[in-house]
1. Quickly run through the stretch B:245-260 and pick out the residues that are in contact with a Pro (Cβ under 9 Å, 6 or more places away or on another chain) and either β-branched (Val, Ile, Thr) or open to solvent by 20 Å² or more (accessible area, probe 1.4 Å) (or both).
2. So is A:Trp102 among the aromatic types (Phe, Trp, Tyr), within 11 Å of another protein chain (Cβ to nearest Cβ) and either open to solvent by less than 20 Å² (accessible area, probe 1.4 Å) or in contact (Cβ under 8 Å) with a residue 12 or more places away in the chain (or both) or not?
3. Restricting attention to the stretch B:143-160, does a residue exist that is within 11 Å of chain A (Cβ to nearest Cβ) and more than 25 Å from A:Arg10 (Cβ to Cβ)?
4. If a residue has to be in contact with a Gly (Cβ under 9 Å, 6 or more places away or on another chain) and polar (S, T, N, Q) to count, how many in the stretch A:58-88 make the cut?
5. Suppose we filter A:Tyr170, A:Tyr191 for residues that are part of a helix (DSSP H, G or I), crowded, with 18+ Cβ neighbours inside 10 Å and of a type in the set (Phe, Trp, Tyr); which single one remains?
6. Is it the case that B:Leu245 is within 11 Å of chain A (Cβ to nearest Cβ) and either touching a Leu at 6+ places or on another chain (Cβ under 9 Å) or closer than 30 Å to A:Ser247 by Cα (or both)?
7. Name the helices (runs of 4 or more DSSP H) wholly inside the stretch B:73-148 in which the number of residues that are crowded, with 19+ Cβ neighbours inside 10 Å is 3 or more.
8. Listed residues B:Ile115, B:Ile40, B:Ile120; which is without any contact (Cβ under 8 Å) to a residue 60 or more places away in the chain, aliphatic (A, V, I, L, M) and within 30 Å of A:Phe92 (Cα to Cα)?
Amino acid sequence: MMLSRKNKERMFFWLFRGCAAAVVAFLTIIIMFVIVNGAGTITWDFLTQNPMPNDTGALVSGGILSPIIGTLMLMGLVLAIAIPIGVFGAVFLVEYCGSYKWSRYMWMTVNNLAGVPSIVWALLGVGVFVYYLAFGLSLISAAITLSLMILPIVMVSTKEALEAIPSSIYDASIGLGATKWQTILHHILPYSASGIITGIILSLSRAGGETAPLLLTGVALNATIPLSIFDQFQALPYYIYMMTSASDRANAYPMAYGAALVLIILMMIMNLAAATLRSRYREKYKW
Amino acid sequence: MDTKIYKRENRARRYAEGGITGILGACGILSVLILALVFIFLITNSIPFFQSVGLVNFFTGTQWDPFASEAMWGVLPLLTGTILVSFVGAIIAIPIGLGCTIYLSELADSKVKKILKPAIEILAGVPSVIYGLFAALVLSNWIMEIFDPSYRLNALNGAIILAIMMIPIQVSVSEEAMNAVPRNLREASYAMGATRWETIKSVIIPAALPGIIASIALAIGRAVGETMAVLMATGNASQFSFDILTSVRTMTAALAIDVPEAAIGSLQYQGLFAVGLLLFIITFVINLIADMVLSKYQETYK
């Protein structure tokens, strides 16, 4: 049967609508499953108690206080390590790195770093930070490993924010006698700040949800809230992984869903903050 | 102004400039050094392994069992595990992703876009452990009911969840490429009497093809390097098989499971670094191809 051109178009367009609907459906189904199964678990005790062993000794009772605190501490350390290096590095590569050819190679390297699998970063973390520098399996080893992992993401998003500033602003400031750094500090950085911060929030949420590097660099199921950066720690995504693979399924699965819901809410808040910041920025500065 | 004060200020400013340039430069160069560091580090740690086990054993052995009394060092089961899961995932993801991209860039009105685009962004931002949770606890049961495989956690389970994770990357990159196709190409096609679908098929998709290819490469690169979702979904039995309904162990999963068990400096430890090196090279090549195709494409339509 030959379809007319009109009908052919109609058929294909419905196919494409179907694909788009499928993508939305995937998201809805996954989120709904976590919400429906996890909502019942979340109580005040669940959020304020550390994981506790039940009668048989399996760590499937109690709550998720130490995983939440562990993840927040991890994100705080990543913020302190990766953000200054990433932002300043990107400022250099965009504003100072003279030749076009060099900066192109540099950015190609950065793009490639962004594609290095997280488990390879974990290997680097084990070899360099855990053993060679003898930080041991610890919060700081994990934090530096995660920092290296998100560094390229911070740099690329900072670059995009900087390049969105029209060059007329730069030229005007230089024309009035400001030095390059004065121009960057007083004009380029403030105008691109919300773009940069958006990138930072998204990178942090990425670091907070990452699991594989933690497995190798210092997360432990029986760890409590770390007192120093050289202690082992618990983390929310790791807790979810352990509860999903626990043998005591009846008790562990509700905990996994509850922790997953908390993690999703945390990520949603960060993503929402980033989106709000971006749209506000777009209204404020229209070049 | 007193010229003396002016001169002193000027000098201070110049020093400050120099200092700042130095600090920023150090940060910039650091990032590039890191890539070199990763590569050199992986190589130096795996050289002793290749010397004692041999490249041939590593690449042709069909068993991976580093902790057995007679250790087996064949990377093939891990490699086929990775290839099986990510390519079946890609086969599922590519048509859906392409359809979704075409809808998003050519058909959707701005109201629908306002919902669809954030949805895709959220899908890309969901932590992989959540996908793993869904695959292990929900998707695996559905697959059990439909296909009745002998393993509850199998390669198909991993492939489907990877497909869901690949789609947002593919869509966001290829949508940009399709939007970048110049307006006059479209209008010329309409003027020749082509319908919208014919224009999409014979003008827009060919013009945006490099971007679409790059998006697919990036998505596959992500799938090859994904750890948690496949670790939780595929069951992790290391076996040399192309059966989609059997349990497989990928390279990433082998690293995540075995590295914490291996003593530092032991042959196991070095062997796992060799696997890491292979994984790094594979993803590096895939990303490099995507990057080169994309930058060439961007130059064409500047």
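1. B:Leu245, B:Thr246, B:Val248, B:Arg249, B:Thr252
2. Working: among the aromatic types (Phe, Trp, Tyr): yes; within 11 Å of another protein chain (Cβ to nearest Cβ): yes; either open to solvent by less than 20 Å² (accessible area, probe 1.4 Å) or in contact (Cβ under 8 Å) with a residue 12 or more places away in the chain (or both): no.
Against the criterion (among the aromatic types (Phe, Trp, Tyr), within 11 Å of another protein chain (Cβ to nearest Cβ) and either open to solvent by less than 20 Å² (accessible area, probe 1.4 Å) or in contact (Cβ under 8 Å) with a residue 12 or more places away in the chain (or both)), A:Trp102 does not qualify.
3. yes
4. Residues flagged as in contact with a Gly (Cβ under 9 Å, 6 or more places away or on another chain) and polar (S, T, N, Q) within the stretch A:58-88 amount to 1.
5. Values: A:Tyr170 fails: crowded, with 18+ Cβ neighbours inside 10 Å.
After applying the criteria, what remains is A:Tyr191.
6. no
7. B:76-102, B:110-125, B:128-134
8. B:Ile40
The values are calculated or read from the model by the stated rules, or taken from the named source; none is laboratory data. Note that the structure is a prediction, hence the values are computed from the model and not measured. Every residue, glycine as well, gets a Cβ built from its backbone with ideal geometry; the counts of neighbours run over all protein chains shown. Only protein heavy atoms, including side chains, enter the accessible area calculation; ligands, DNA and RNA are left aside. Shrake-Rupley method; radii C 1.70, N 1.55, O 1.52, S 1.80 Å.
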